[in-house]
1. What does the charge add up to near Asp477, with Lys and Arg as +1, Asp and Glu as -1, over the other residues with Cβ less than 11 Å from its Cβ?
2. Among [x] 25.9, 86; [y] 28.3, 91; [z] 24.0, 81, find the value of Rg and Dmax of the Cα atoms in Å that was calculated from the structure presented, and write down its label.
3. Calculate, for Arg317 and Ser503, the FRET efficiency according to 1/(1 + (r/R0)^6) with r their C-beta to C-beta distance and R0 56 Å; round to the nearest 0.05.
4. Can you give the FRET efficiency for Arg248 and Phe516, using 1/(1 + (r/R0)^6), R0 = 56 Å, r = Cβ-Cβ distance, to the nearest 0.05?
5. Could you work out the Rg to Rh ratio of segment 286-412, with Rh taken as the Kirkwood radius (inverse of the mean 1/r over all Cα pairs)?
6. Take the alpha carbon atoms of segment 97-124, find their center, do the same for segment 421-447, and report the distance between the two centers in whole angstrom.
7. Over segment 305-353, what lengths in whole Å, largest first, do the semi-axes of the equivalent ellipsoid take, defined as the square roots of 5 times the eigenvalues of the alpha-carbon gyration tensor?
8. Under the classification rounded if a/c is under 1.5, otherwise prolate if a/b is larger than b/c and oblate if not, where does segment 194-240 fall, given a ≥ b ≥ c as square roots of the Cα gyration tensor eigenvalues?
Amino acid sequence: MLRQPFASVNGRSDVSSCHPVAVAPEHSPPSDTPGARAHLPRPGLGGLIVGAALVATLVVISRRVGDPDFWWHMETGSWIINHGAFPSRELFTYTASTRVWADQEWGSEVLGYLIFRAGGFLAFSLAYAAVTWVGFWFIWRRIALERVPALIAGACIAVAAAAGVEVWGPRSQMISFALTCLTLYWVESYLRDRNRRLYLLPLVVLAWANLHGGFVYGLAVVALAAVTETALWLTSSQDGAHRRRSLRLWGVLIACVVAGLLNPITFHAYQAAVQTQTSAVQQTFIAEWHSPSFHSLGEVGLELLLLLVVFAMAFRRPRLWDALVTVVGIYAALSAVRNAPLAAAALTPMVAWSLGGAWERSRWPEPLGRWIQRRASDLLVLVTAGTLLVAVGTAGVMTYTLSSQTASTNANFPVGADDWLAAHPEVGTRMFNAYDWGGYLIYRFYPDRPVFIYGEATELGNQLLQEVSDVENAEPDWQTILTEHGVNYVVERTDSALSMALSVDPQWKQVYSDGFAVIFVKR
């Protein structure tokens, strides 16, 4: 009996070879019997379809440098290399210069600066596109732990790419995305008794904790798996597999927690992660911490993914682990825009497995499989040509996107205003600046012009962030805040509430405006 048209993403069978593909049994709880390892498909219809989907993800994950934090991360990396040390105090402001600085991203800052110094913006963008793409590779490898038709797997990968369209880009957060995908894959493989690579995770966390504070996501995945296996052990004490996996998962988790302490800031890495996740001011003031607005075109991919999760789960009786990962993934997606990549990592395989199982139980696989086998050679040529077109089109889009870096920088950062300040070094001693321009101002003027605020919101503190919010929105206390900090010049957006208030305040004089940025100096 013919099954799995267009091949599956697990197993060696391929339609182009005209071999039948056995139906994968409906999923049952893992047992002590080791399962067969997942195999990559041989080059054929299935492999080409999935390959085309993975290549196409580069269209949305290859981005120009646009993250406001990029600039101060590069300056920090430069500082660490030039001084041969880690900064112990905040470097870039006059408002928080006495605060202890626990830099949880020093590793990615140093590596990023070295890449940027060697190859400029293009090298930096390509490096992070590669890191993000590795995350999608592990999403696919996790999908391939069950037999799923290649068309369904490719479509799910495409939806995952669309789900994070508001977040993808060259930023250190993508390191945590890729390594979270790796952790999910290793945990899933371990729970299915496929392999024991999970025992290597403490080494991964050791590197991860020195690259980005998101290493706690990996710990959360292992903790969730440990809790799941412990619950199954307690409710089915006759099953020795759950006991064995439970104890080993708790051991791996403890080793990972210890590995997370092996960095220059030790326990402050955990403290910073908790502060970031629980800061009400930060989550109110910073746009990417807001819940997604499904009225926005950029959130359509995430909305589709969530709808598919609900739809797909109707076709599958989930394990406890599946259910918990799904709930956590949905919560992450709805709680903050920046969590969309993590939600895609968690939820995409669930959707693929459910839809793949539903397809297998339908009446279509057998007749469609016969039709494909009769036309296998022609379809292979057609799909190969389509894959090549996808690759060429993707390369063209990437070239166009990454070639517009200068125009993008000019459109998003106060380049003209900073040029004016560079030509007038006598102007001002204490700056107030737009929150998301702080990093660029640091890049241009450190150490000559310290800024008021920049993107290291967790380390600068909730009070300062609240003051910035009050000033930028021209709340009743905005003049008092500027006076208390001795501010004597302001670099702000032309259309902001603060700029409008300053334009009618006789104490302030406008000295520069280009329609995008404006500079006011106190009389």
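The values are calculated or read from the model by the stated rules, or taken from the named source; none is laboratory data. What you see is a predicted model, and the numbers here were worked out from it, not measured in a lab. As a convention, Cβ positions derive from the backbone with ideal geometry for all residues, glycine included, and neighbour counts pool all protein chains shown. Ligands, DNA and RNA are excluded from the accessible area calculation, which covers all protein heavy atoms including side chains. Shrake-Rupley method; radii C 1.70, N 1.55, O 1.52, S 1.80 Å.
1. Taking every other residue near Asp477 into account, the sum is -4.
2. [x]
3. E(calc), rounded to 0.05, equals 0.30.
4. E between Arg248 and Phe516, to the nearest 0.05, is 0.50.
5. Reported Rg/Rh (Cα atoms, Kirkwood Rh): 1.10.
6. 20
7. 18, 11, 8
8. Cα axes put segment 194-240 in the oblate bin.
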